[in-house]
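Novice: Encoded as structure tokens, here's the structure I'll be asking about.
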Amino acid sequence: MRCPYCGHLEDRVVDSRETQDGQATRRRRACLSCERRFTTYERIEDVLPQVVKKDGRREAFDRAKIVEGVATACQKRPVSAEQVEALVSAVERQVQELGEREIRTTVIGEAVMQRLRTLDEVAYVRFASVYRAFRDVGEFMTELAGLARKDGGEER
Ligand SMILES: [Zn+2]
């Protein structure tokens, strides 16, 4: 780190501690040339990518919004709040591991659907209808038909 006083490039860390919120590490440094002290903050780079919406606008990855969407799909289904949280955490990890700076909303939608399908098929179809409605209605009908065959109208 270049010394702000004399421009020297070497220093030693004299103190290092977490900030109160745990979001950064504050280091007191002493310049090896002029001995004056300065402070640096080290923090984790944003790990979640920006989400690109269908209309091209970008927004931050919003975990709460996804939890809400999944929870809505799971209403009156035998799925606990913990299961919803765990599902969204898994999606969040998956998205982080892509290591992309930007991802499309559909990538998140597909990731959620993939997991929801093994958790609860009715919730899966509800969720899928939201994500796929404007893209491929036929696909949604196929999903519905497949379900009706499978559980014989369990939700009467
Ligand atoms: Zn210096």
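The values are calculated or read from the model by the stated rules, or taken from the named source; none is laboratory data. Note that the coordinates shown come from a computational prediction; the quantities given were computed from them, not determined experimentally. Cβ: placed from backbone, ideal geometry, glycine included. Neighbour counts: every protein chain shown.
Novice: Being within 22 Å of R57 (Cα to Cα) and assigned to a helix (DSSP H, G or I) is the requirement here; does E110 meet it?
Specialist: The answer is yes for E110.
Novice: Looking at (1) without any contact (Cβ under 8 Å) to a residue 12 or more places away in the chain; (2) in contact with a strand residue (DSSP E or B) (Cβ under 9 Å, 6 or more places away or on another chain); (3) under 30 Å from V130 (Cβ atoms), which is the only condition L48 fails?
Specialist: Every condition holds for L48 apart from (1).
Novice: Continuing with this model, one more query. Filter region 54-113 for residues that are exposed (fewer than 13 other Cβ atoms within 10 Å of the Cβ), over 19 Å from V125 (Cβ atoms) and polar (S, T, N, Q) and give the result.
Specialist: S80, S89
Rundown of residues vs (1) in contact (Cβ under 8 Å) with a residue 40 or more places away in the chain; (2) over 25 Å from the mean Cα position of the chain (by Cα), yes/no style:
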{"site": "D15", "(1), (2)": "no, yes"}
{"site": "E59", "(1), (2)": "no, no"}
{"site": "I66", "(1), (2)": "yes, no"}
{"site": "K76", "(1), (2)": "no, yes"}
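Novice: In addition: Would you list the strands (runs of 3 or more DSSP E) that sit entirely within region 1-106 and hold 3 or more residues that are at pLDDT 90 or above and within 16 Å of the ligand (Cβ to nearest atom)?
Specialist: It comes to 11-18, 24-31, 37-43.
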